[in-house]
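The structure appears right after this line, and notes come after that.
The values are calculated or read from the model by the stated rules, or taken from the named source; none is laboratory data. Predicted model only: the values in this text are computed from it and were never measured. Because the Cβ atoms are built from the backbone with ideal geometry, glycine has one as well, and the counts that use them run over all protein chains shown. Keep in mind that these areas ignore ligands, DNA and RNA; they rest on the heavy atoms of the full protein, side chains included. Shrake-Rupley method; radii C 1.70, N 1.55, O 1.52, S 1.80 Å.
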Amino acid sequence: MAGGEFALIAQLRSRLGTAGKGVRLGIGDDAAWLDPAGRQLVATMDTLVAGRHFFSDVRPYDLAWKALAVNLSDLAAMGAEARWCLLGLALPSRAASYGAWLEDFMGGWRALAERHDVTLAGGDTVATDGPLTLSVTALGLVDRSVMRRDAARPGDRIWVTGSLGDAAAALDLALMERGREGHRVLCSATQREALEARRLRPTPRLELGEAAASCGVRCALDCSDGFLADLGHILEASGARAHVALDALPLSPELADLARTDPERLRRWPLTGGDDYELILCAPPSLSAALRQAAAARGLRLTAVGRILPADSGSSAAVILTWRDQVVPLPAVWGHVHAL
């Protein structure tokens, strides 16, 4: 790496590592010194590898945004206030210089970090003979118990923030454009731009996550592997089943135009597609008004898509899926499967 590791660290520190709330000592020493001020700490970590999690030709700005966003989305699902991050960068040594790449990367990171007042407090940089790899650790704070996936109870309504399926449709487009395996999609340039923005720059629902936890919601999960797959994680952990109305799943105007007349696309994109980074919330009906008010105050769409059923609901299926009140078959694959 031109300039060496310490020059790269100096750039990161000057652009992204400025003093933030609770940072007693940040980038530049052996470890960060953070002050949670008597609150409880929530931590998450995610690793992204070129060629497996993102296309190698992705713009650095978008890569940085998404690497940070997927971690902040995990904190949102716990109801935590995002506060600090650690960044690990393994940069291929064959590249002559990362000057322009790093400038664009820092721009994307900073754009999202400043929106949520998140400080880069430390990390590591190395050269590698393998693919470009990023690891992000995000740290947040809570004043009370967190929302968790094992807390769904029979009678809870199932809510979803925002809209589902845009990123999955955009991935089909990206694969098609690169001549790789994918489903053929025909759309306008405006539709493509909107879908691609959702794939590359998802919006972590931190404010709504904090508000939901404050309202008394105790069960949530971020929708990353696909709605059905992630709801399945909740059901397995909570020992419950669910009813989901396929026709209630929230769609963006762009996706609705593409999927409205194609039931298979409705099942594939919003139901089992991944990378939405919306929140799935399970809450008793008594909290419905408070949740709607919290979403409306933040200008965020919030949709009830089903309800939690007891384990002995009379069906062997974990999920009863309906379309216009008629039971329809579940897809064979519920979402993204993590291969090792």
Semi-axes of the equivalent ellipsoid for region 216-272, Cα gyration tensor, largest first, Å: 25, 12, 10
Mean residue ellipticity (222 nm) of the chain, computed from DSSP H runs ≥ 4 via -39,500 (n - 2.57), nearest 500: -10500 deg cm²/dmol
Across the chain: Cys residues that no other cysteine approaches within a C-beta distance under 4.7 Å: CYS85, CYS187, CYS215, CYS223
Within a Gaussian network of the chain (alpha carbon springs, distance under 10 Å), most fluctuating of GLN326, GLN191, GLN40: GLN326
For THR128, residues with placed amide H under 5 Å, excluding near neighbours: LEU91, SER93
Simple spin-label estimate for SER93 and ALA317 in nanometres, 7 Å along Cα-Cβ: 5.4 nm
Calculated log₁₀ intensity ratio I(q)/I(0) where the Debye formula runs over C-alpha points of region 194-308, q = 0.13, 0.17, 0.23, 0.24 Å⁻¹: -0.52, -0.90, -1.55, -1.61
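How many percent of the alpha carbon pairs in the chain exceed a separation of 35 Å? Intermediate values should be presented prior to the final figure.
Working: 14234 of 57630 pairs.
When every Cα pair of the chain is considered, 25 percent fall beyond 35 Å.
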For region 66-198, convex hull volume per residue from C-alpha positions, Å³: 191 Å³
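When N counts the residues of region 33-131, how does its alpha-carbon radius of gyration compare numerically with 2.2 N^0.38 Å, as a ratio?
Numbers: Rg = 14.5 Å, N = 99, 2.2 N^0.38 = 12.6 Å.
It is 1.15.
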ARG110 accessible area, 1.4 Å probe, all protein chains in place, Å² to nearest 10: 90 Å²
Within a Gaussian network of the chain (alpha carbon springs, distance under 10 Å), most fluctuating of PRO131, PRO329, PRO154: PRO329
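Ignoring any ligand, DNA or RNA, what whole percent of the accessible area of the chain comes from carbon and sulfur when the probe is 1.4 angstrom? Walk me through the intermediate numbers first.
Numbers: 7930 of 15420 Å².
Ligands and nucleic acids excluded, carbon and sulfur reach 51 percent.
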Environment charge of TRP65, counting only residues whose C-beta is closer than 14 Å and scoring Lys/Arg +1, Asp/Glu -1: +1
Region 179-307, accessible area per residue, ligands and nucleic acids excluded (1.4 Å, Å²): 41 Å²
GNM flexibility winner over the chain from PHE105, PHE227, PHE54 (Cα, springs under 10 Å): PHE54
Whole-percent pair-distance distribution, where bins are 10 Å wide, for the alpha carbons of region 245-340: 12, 39, 37, 12, 0
Three-way shape call for region 32-76 based on the alpha-carbon gyration tensor, with the a/c threshold at 1.5: prolate
Nonlocal amide H pairs with CYS219, under 5 Å, H built at 1.01 Å: ARG148, CYS282
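Stretched out fully, how many nm does the piece from SER56 to LEU175 gain, at 0.36 nm a residue minus the Cα gap?
Working: separation 119, 0.36 × 119 = 42.84 nm, distance 1.28 nm.
41.6 nm is the gain from fully extending SER56 to LEU175.
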Net lengthening on full extension, GLU103/ALA297 (0.36 nm per residue, minus Cα-Cα): 66.3 nm
Distance from region 204-236 to region 257-318 (C-alpha centre basis), Å: 10 Å
